[in-house]
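Undergrad: Before I ask anything, here is the structure I am working with.
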Amino acid sequence: MKTPTLEVHLEPSDLARSMRSEVRAGLTSDPKWLSPKWFYDAAGSELFERITELPEYYPTRTERALLERSADEIAAIARPEVLVELGSGSSEKTRLLLEAGRRAGTLRTYVPQDVSVTALEAAAESIGAEFPDLTVHGVVSDFTGSLDHLPSGGRRTIAFLGGTIGNLVPDERRVFLASVASALQGGEHLLLGAGLVTDPGVLVPAYDDAAGVTAEFDRNVLRVLNRELGADFDVDSYRHVVVWDAENEWIEMRLEAPGATVVHLGALGLDVPLRAGEQIRTEISAKFTPAGLTRELDDAGFDTERVFTDSDDRFALVLARR
Ligand code: AVJ
């Protein structure tokens with residue numbers, strides 16, 4: 001086995017600084033918001049893994065089934081020598097792409113990128129053991145700012161799976177997709193996983209499960225702020241609210257304050273007054289149509305080569321060529 005290497009472009013102090021400035025911005029605006037980035041401490045990452053196994057949360061298993069069916073075709077078209085994965089997390093579904101790349105005989109290098117050093121180390125270690133001929137080079141960075149650090153040399157495919165693209169609003173998506181395009185050369189590929197617009201009766205429960213795991217995941221962001229920013233949110237008193245915004249075609253998760261209160265954030269020297277019933281937006285998860293995805297990719301300079309969807313049209317894997 002080759003020893004995985006790790007490159008760090010995001011120090012804990014960078015994260016702490018961006019958390020302070022974003023939380024200040026979000027909690028002093030109207031309506032109030034927090035970035036979904038802060039969900040994923042160790043407890044939050046654990047809760048997210050539990051979400052992916054819930055009966056109501058179909059995206060993960062749907063995307064996995066799509067990858068199982070289409071990974072060989074993807075590898076045959078893209079013929080990746082280097083697979084870069086943005087927001088790789090546990091790299092669980094990636095194995096399907098790595099195996100297909102190995103069968104195609106092209107793949108030499110896997111570059112997982114994530115904000116979490118611990119997730120990357122664990123993933124790099126187990127992938128390295130499972131694929132002894134593969135060079136594994138982890139990059140610790142924020143997916144929106146990591147594209148300057150991509151290795152060059154070798155035909156690359158960038159995978160951005162799970163539907164995380166949906167956390168970005170349209171303007172942010174434009175900027176992000178354009179920067180992915182400019183990081184790639186002609187003939188290289190992007191593999192994008194995205195949730196599709198579907199019945200709100202299916203969408204809403206996926207973010208508001210009966211067992212309350214997603215509610216705990218949502219409230220976990222307040223625990224993170226209590227610990228990291230010396231805040232005094234009364235975490236368990238906040239209600240998890242899920243709204244399907246049909247006009248914007250996104251799910252919104254919010255946390256609702258039960259009564260009027262003032263939250264003190266020690267590290268920011270900030271007092272945040274909340275009205276009774278006031279909601280803080282904690283995540284948007286945009287859903288797409290195949291045509292909309294193709295158009296956004298086209299605007300960014302990609303040619304869509306294949307759109308793989310499940311039989312219920314709930315999730316799409318798009319293979320696009322630069
Ligand atoms: C990891 C961003 C793809 O939006 O479906 C799951 C996060 N939030 N349940 C999603 C999430 C609530 C998830 N992504």
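Where a number appears in this text, it was derived from the coordinates with a stated rule and is not lab data. From a predicted model like this one, the values you see are computed outputs, not experimental measurements. So basically every Cβ, Gly included, is an ideal-geometry build from the backbone, and we count neighbours across all protein chains shown.
Undergrad: Can you classify the range 49-128 as rounded, prolate or oblate using the Cα gyration tensor, where a ≥ b ≥ c are the square roots of its eigenvalues, rounded means a/c under 1.5, and otherwise it's prolate if a/b beats b/c and oblate if not?
TA: Values: a/c = 2.49, a/b = 1.20, b/c = 2.08.
It is oblate, given that a/c is not under 1.5 and a/b is not larger than b/c.
Undergrad: Same structure again: Which lysines, if any, have their Cα less than 23 Å from the Cα of LYS37, not counting same-chain residues under 8 positions apart?
TA: Candidates past the 8-residue exclusion: LYS93, LYS287.
Undergrad: In addition: With unit charges on the beta carbon (Lys/Arg positive, Asp/Glu negative), name the residue among SER311, ALA181, LEU222 whose Cα is farthest towards the positive pole of the charge dipole of the chain.
TA: ALA181
Undergrad: Could you give me D for the chain, from Stokes-Einstein at 20 °C and 1.002 mPa s, where the hydrodynamic radius is the Kirkwood radius over C-alpha pairs? Units µm² s⁻¹, please. If you can, show how the numbers build up before the last one.
TA: Working: Rh = 20.4 Å.
So the translational diffusion coefficient is about 105 µm²/s.
Undergrad: If the cut-off is a Cα-Cα distance under 13 Å, which aspartates and glutamates reach LYS2, setting aside same-chain residues fewer than 8 apart in sequence?
TA: GLU125, GLU130, ASP133
Undergrad: Using only the Cα atoms of the range 11-60, build the gyration tensor, take square roots of its eigenvalues as a ≥ b ≥ c, and label the shape rounded, prolate or oblate: rounded if a/c is under 1.5, else prolate if a/b is larger than b/c, else oblate.
TA: Values: a/c = 3.98, a/b = 1.67, b/c = 2.38.
Because a/c hits 1.5 or more and a/b fails to exceed b/c, the range 11-60 counts as oblate.
Undergrad: Another one. About the Cα centre, and with charges only on the beta carbon of Lys, Arg (+1) and Asp, Glu (-1), how big is the dipole of the chain? Nearest 20 debye, please. Mind dumping the intermediate values first?
TA: Details: 33 positive and 53 negative charges, 136 e Å.
Its charge dipole is roughly 660 debye.
Undergrad: In whole Hz and in residue order, list the ³J(HN,Hα) couplings for the range 236-245 that follow from phi through the Karplus curve 6.51 cos²θ - 1.76 cosθ + 1.60, θ = phi - 60°; x for Gly and Pro.
TA: 5, 7, 7, 9, 7, 10, 10, 10, 8, 8
Undergrad: If I take every Cα pair under 8 Å that is 6 or more residues apart in the range 228-314, average their sequence separation and divide by the length, what percent do I get for the relative contact order?
TA: Numbers: 123 pairs, mean separation 21.0, N = 87.
Here the relative contact order equals 24 percent.
Undergrad: Can you tell me which of 210-219, 169-178 comes out highest on packing, and rank the rest after it, using the mean Cβ neighbours within 10 Å?
TA: The most tightly packed comes first, giving 210-219, 169-178.
Undergrad: Further question: Quickly estimate the mean residue ellipticity at 222 nm for the chain, helices only: each DSSP H run with n ≥ 4 gives -39500 (n - 2.57), and the total goes over all residues, rounded to 500. Intermediate values should be presented prior to the final figure.
TA: On the way: 9 runs with 121 residues, N = 322.
Helices in the chain give a 222 nm mean residue ellipticity of -12000 deg cm²/dmol.
Undergrad: On to the next question. Using the 2.2 N^0.38 Å rule of thumb for compact globular proteins, work out how the range 179-295 stacks up: its C-alpha Rg over that value, please.
TA: Working: Rg = 18.3 Å, N = 117, 2.2 N^0.38 = 13.4 Å.
Normalised by 2.2 N^0.38 Å, the Cα Rg of the range 179-295 equals 1.36.
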